[in-house]
1. Taking the stated definitions as given, is TRP139 at negative phi, at pLDDT 95 or above and not in a helix (DSSP H, G or I)?
2. It is to be established whether one or more residues within the range 172-195 are in contact with an Asp or Glu (Cβ under 8 Å, 6 or more places away or on another chain), within 22 Å of GLN33 (Cα to Cα) and not in a strand (DSSP E or B).
3. Among the residues of the range 19-36, write down those that are small (Gly, Ala, Ser) and at pLDDT below 90.
4. Any idea how many residues of the range 196-238 are among the hydrophobic types (A, V, I, L, M, F, W, C), in contact with a Cys (Cβ under 7 Å, 6 or more places away or on another chain) and either modelled with pLDDT of 85 or more or over 21 Å from LEU119 (Cβ atoms) (or both)?
5. Among the residues of the range 128-148, which ones are open to solvent by less than 10 Å² (accessible area, probe 1.4 Å) and of a type in the set (Phe, Trp, Tyr)?
6. Hey, which of the helices (runs of 4 or more DSSP H) in the range 1-114, taking only ones fully inside, have at least 2 residues that are hydrophobic (A, V, I, L, M, F, W, C) and open to solvent by 30 Å² or more (accessible area, probe 1.4 Å)?
7. May I ask you to verify whether TYR199 is open to solvent by 30 Å² or more (accessible area, probe 1.4 Å), touching a strand residue (DSSP E or B) at 6+ places or on another chain (Cβ under 7 Å) and part of a loop (DSSP other than H, G, I, E, B)?
8. Which condition number in (1) open to solvent by less than 40 Å² (accessible area, probe 1.4 Å); (2) modelled with pLDDT of 95 or more; (3) among the basic types (Lys, Arg); (4) over 24 Å from VAL90 (Cβ atoms) is the one that LYS125 fails?
Amino acid sequence: MPRFKEEEIVKLSQSMESMDAEQIVGWAMENFQGRLAIASSFQVEDMVVLDIASRYGKVRVFTIDTGRLPQEIYDLIDAVRERYGIQVEVFFPKPENVEKMVREHGVNLFYKSVKLRQLCCWNRKVEPLKRALEGLDAWITGLRREQWETRSSVRKIEVDKVHGNIIKINPLADWTWEQVWRYVKERGVPYCALYERGYMSIGCLPCTRPVKPGEHPRAGRWWWEQGNKECGIHVGGE
């Protein structure tokens, strides 16, 4: 069970607005110790969070392998294991769920409708996440308010009511894209090679493309859709 009551998290949320990411990550690792994990899809923001956490000691890191990730993500996972000396815990979709989905709707069902795309995201991302979070008191993400309209109200610490009222910590909530990359360049943090090819948000290979000049950074995700650019892990559909 979480160590903090909801009203305590509300107060902490207010005080953490003036704290920097390093302080928040350090606080989380001190207070939750072995009941804490970083959720990483190996976006550049996740790499910043991991690098910060590495200065405070060993921390669990897990990722969701949807089965349709680009090779560059797997290359980065290997680089992370070597540089930080951690065992990245990989969670996969349930084979029976994916098999049933593909038999009924096809391999590339996500192009057919928003509803089917969300079904694919649920089977390949959301359901595995629920298993990854079992037994945790808190998890850390790389969410930023600037990323998309649906994330503009993200707090640095909040109660995750969808996942059993565990604590969700978003230390980069108030960071800008420029701050993220400044940190990466200054500290030599490894990052996915696709960023060098015009990608600004990286998901499954068939659902992600480079961003054109002037486009929103998240425009490359599910570019054939309008509106909510979410898979259900953080916002909408959890």
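The values are calculated or read from the model by the stated rules, or taken from the named source; none is laboratory data. Everything quoted here is computed from the prediction, not taken from an experiment. FYI the Cβ positions are ideal-geometry reconstructions off the backbone, even for glycines, and counts take in every protein chain you see. For accessibility, only protein heavy atoms count, side chains too; no ligands or nucleic acids. Shrake-Rupley method; radii C 1.70, N 1.55, O 1.52, S 1.80 Å.
1. Judged against the criteria, TRP139 is a match.
2. yes
3. GLY34
4. Of the residues in that region, 2 qualify.
5. If the condition is that a residue be open to solvent by less than 10 Å² (accessible area, probe 1.4 Å) and of a type in the set (Phe, Trp, Tyr), then TRP139 is the only one that fits.
6. Qualifying helices (runs of 4 or more DSSP H): 6-16.
7. Spelling it out, TYR199 is indeed open to solvent by 30 Å² or more (accessible area, probe 1.4 Å), touching a strand residue (DSSP E or B) at 6+ places or on another chain (Cβ under 7 Å) and part of a loop (DSSP other than H, G, I, E, B).
8. (4)
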